[in-house]
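Novice: Please find one structure pasted underneath; my questions will follow.
What follows is calculated from the coordinates using simple rules that are stated; it is not laboratory data. Being a predicted model, the structure only gives us computed values, none of them experimental. Counting neighbours? That spans all protein chains shown, and the Cβs are built from the backbone with ideal geometry, glycine included.
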Amino acid sequence: MALLVQKYGGTSVGSIERIDAVAEKVSKFRDNGDDVVVVVSAMSGETNRLTMLAQEIMEQPTPREMDVLLSTGEQVTIALLCMALEKRGYGAHSFTGGQVRILTDNSHTKARIREIDNTRMHAQLEQGNVVVVAGFQGVDDNGNITTLGRGGSDTTAVALAAALEADECQIYTDVKGVYTTDPRVVEDAKLLETITFEEMLELASLGAKVLQIRSVEFAGKYKVPLRVLSTFEEGSGTLITLEEETDMEDPAIAGIAFERDEAKLTVAGVPDVPGIAYKVIGPVSDAGIEVDVIVQNVAADGSNDITFTVKRAESDRAKEILDTVATSLQAQEVILDKKICKVSLVGVGMRSHAGIASKMFKALADESINIEIITTSEIKISVVIEEKYLELAVRALHSAFELGETESEKVSE
Ligand code: ADP
Ligand code: ASP
Ligand code: MG
């Protein structure tokens, strides 16, 4: 008997049949005596559909109204899942984020959870009911509906698990767990039995959307046992572990992440003087645009270029800001390239293995892939390359670092 928080993603609740199947799955845990709090996403495609509706009205809808709109997707699924449980004879009670009192700050569309009141959930569990909570949403101090950013239902689940001190937070999704890379891009990607929080945090922040990064941060901070597993297939999935020590036995690389929706901006010919990076990047950050990889390159003739990446969706806005900055700094030009992507190797084992970077660069060179920017940290190496090479690069690196399943592993499955 345990207290479990289970989250079912969009594909897992993508049709009435699938919602029925989730109810069936949850009912088995109840039969086993477990207390279950379920967090659900909107049906797959629904959040995108709602976003497109808003954009038919205006290009930049107000964030507050976007949240009122987007939160409706999850409200549909909590009700349907409760009905499917009740049909089976199980008590169930739905809550929107506001009804639980998932209190957030007021940063609409990317709110952060501040506090969760667990009393109403406990009261329902004590009555023997399954608690079904809408993911991705909360409420601010003034009662406004907020949402937690795309993929935010993962964070709702982990936050509820922390607030309830659950025995485990289980993220049920459409793949069997966390793989060495996206199994939709590399067919022989290997399912990982465990991965450290540190590695999962890097993978999530570098584009592996299997878990929203905030959910991993939350789980690490509150020591929530977190597992990713399949809604559709049996298996114990991947456990995110707290192991902090690394040793020579660790594989150098845990996984490969990639980010498609990036763009690169170069401000060419700016003066090489103190404060110049701030003058270029500052106005972009001040506009709320997140700046990612940054390089400054001073050539032998003293000419200075500053290059950085931003999310593709924000790149036109960033370019407009930079055009103004460039005029005031008398820079040569601002160049925007939207056809780039970022591929990253992640592994705590990098700390104790040398030569990872050169092996990475060789694997890309062998495929004639040009590297535009390189950035490293203790446990990751990222390269920015042309977008058209993304799949080729990920597959080449996956095989160069022998991350795939060996023949014997394939047979034993
Ligand atoms: P959900 O709707 O259940 O939240 P998501 O689409 O947000 O599901 O996340 C699951 C998807 O993440 C998988 O279908 C897979 O394509 C993708 N993914 C990317 N990187 C990885 C990885 N390293 N391991 C597993 N899945 C990954
Ligand atoms: N429905 C939201 C989204 O599509 C939240 C989630 O599914 O986690 O991003
Ligand atoms: Mg998701």
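Novice: Filtering region 7-25 down to residues that are within 14 Å of ligand 2 (Cβ to nearest atom) and not in a helix (DSSP H, G or I), which residue is surrounded by the most Cβ atoms within 10 Å (Cβ to Cβ)?
Specialist: Tyr8
Novice: Has region 298-310 got at least one residue that is more than 16 Å from ligand 3 (Cβ to nearest atom), out of contact with any Cys (no Cβ under 7 Å at 6 or more places or on another chain), part of a loop (DSSP other than H, G, I, E, B) and within 18 Å of Thr327 (Cα to Cα)?
Specialist: To start, the set of residues in region 298-310 that are more than 16 Å from ligand 3 (Cβ to nearest atom) comprises 298-310.
When the remaining residues are screened for being out of contact with any Cys (no Cβ under 7 Å at 6 or more places or on another chain), the result is 298-310.
Subsequent filtering for residues that are part of a loop (DSSP other than H, G, I, E, B) retains 299-303.
The next check asks that each one be within 18 Å of Thr327 (Cα to Cα); those that pass are 303.
Yes: region 298-310 contains one or more residues that are more than 16 Å from ligand 3 (Cβ to nearest atom), out of contact with any Cys (no Cβ under 7 Å at 6 or more places or on another chain), part of a loop (DSSP other than H, G, I, E, B) and within 18 Å of Thr327 (Cα to Cα).
Novice: Moving on to the next point. Within the group Val224, Val228, which residue is in contact (Cβ under 8 Å) with a residue 24 or more places away in the chain and touching a helix residue (DSSP H, G or I) at 6+ places or on another chain (Cβ under 6 Å)? Explain how you work it out, then say what you get.
Specialist: Details: Val228 fails: touching a helix residue (DSSP H, G or I) at 6+ places or on another chain (Cβ under 6 Å).
The unique qualifying residue is Val224.
Novice: Which of the helices (runs of 4 or more DSSP H) found entirely inside region 126-242 contain at least 1 residues meeting this: away from ligand 3 (no atom under 15 Å from the Cβ) and more than 18 Å from the chain's Cα centre (by Cα)? Explain how you work it out, then say what you get.
Specialist: Numbers: elements: 153-164, 197-205, 213-222.
In region 126-242, 153-164, 213-222 are the helices (runs of 4 or more DSSP H) which contain 1 or more residues that are away from ligand 3 (no atom under 15 Å from the Cβ) and more than 18 Å from the chain's Cα centre (by Cα).
Novice: Now a separate question. In region 160-203, which residue that is among the polar types (S, T, N, Q) and near ligand 1 (Cβ under 9 Å from one of its atoms) is nearest to Tyr222 (Cα to Cα)?
Specialist: Going through region 160-203, the residues among the polar types (S, T, N, Q) turn out to be 170, 173, 180-181, 194, 196.
Next, only the ones that are near ligand 1 (Cβ under 9 Å from one of its atoms) stay: 173, 180-181.
Details: Thr173: 22, Thr180: 25, Thr181: 26 Å.
For region 160-203, the residue satisfying everything is Thr173.
Novice: Just to be sure, is Thr173 surrounded by fewer than 19 Cβ atoms within 10 Å (Cβ to Cβ) and within 16 Å of ligand 2 (Cβ to nearest atom)?
Specialist: Values: surrounded by fewer than 19 Cβ atoms within 10 Å (Cβ to Cβ): no; within 16 Å of ligand 2 (Cβ to nearest atom): yes.
No.
Novice: A further question on this structure: If Thr324 satisfies all but one of (1) touching a residue at least 60 places away in the same chain (Cβ under 8 Å); (2) outside any strand (DSSP E or B); (3) over 21 Å from Ile385 (Cβ atoms), what's the number of the condition it fails?
Specialist: Thr324 satisfies every listed condition except (1).
Rundown of residues vs (1) within 16 Å of ligand 2 (Cβ to nearest atom); (2) in contact with a strand residue (DSSP E or B) (Cβ under 9 Å, 6 or more places away or on another chain), yes/no style:
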| site | (1), (2) |
| --- | --- |
| Arg101 | no, yes |
| Thr104 | yes, yes |
| Thr119 | no, no |
| Val132 | yes, yes |
| Asn142 | no, no |
| Ser153 | yes, yes |
| Ala159 | yes, yes |
| Cys169 | yes, yes |
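Novice: Answer with yes or no whether Gly149 is touching a strand residue (DSSP E or B) at 6+ places or on another chain (Cβ under 7 Å) and closer than 16 Å to Ala42 by Cβ. It would help to see each step written out before you state the result.
Specialist: Values: touching a strand residue (DSSP E or B) at 6+ places or on another chain (Cβ under 7 Å): no; closer than 16 Å to Ala42 by Cβ: yes.
Here the answer is no, as Gly149 does not meet what is asked.
Novice: Suppose we filter Gly207, Gly220, Gly151 for residues that are surrounded by fewer than 24 Cβ atoms within 10 Å (Cβ to Cβ), within 11 Å of ligand 1 (Cβ to nearest atom) and under 24 Å from Met121 (Cα atoms); which single one remains? Give the derivation first.
Specialist: Numbers: Gly207 fails: under 24 Å from Met121 (Cα atoms); Gly220 fails: within 11 Å of ligand 1 (Cβ to nearest atom).
So the residue among Gly207, Gly220, Gly151 that is surrounded by fewer than 24 Cβ atoms within 10 Å (Cβ to Cβ), within 11 Å of ligand 1 (Cβ to nearest atom) and under 24 Å from Met121 (Cα atoms) is Gly151.
Novice: Here's something else I'd like to know. Just one of Asp154, Asp188 is acidic (Asp, Glu), within 28 Å of Met1 (Cα to Cα) and in contact (Cβ under 8 Å) with a residue 60 or more places away in the chain; which is it? If you could, list the steps in order and put the result at the bottom.
Specialist: Details: Asp188 fails: within 28 Å of Met1 (Cα to Cα).
The match here is Asp154.
Novice: Something else about it: Pairs needed: first member in region 1-22, under 11 Å from Leu80 (Cβ atoms); second member anywhere, away from ligand 2 (no atom under 16 Å from the Cβ) and of a type in the set (S, T, N, Q); C-beta distance under 7 Å; at least 6 residues apart or different chains.
Specialist: Here the result reads none, with nothing in region 1-22 linked to a residue that is away from ligand 2 (no atom under 16 Å from the Cβ) and of a type in the set (S, T, N, Q).
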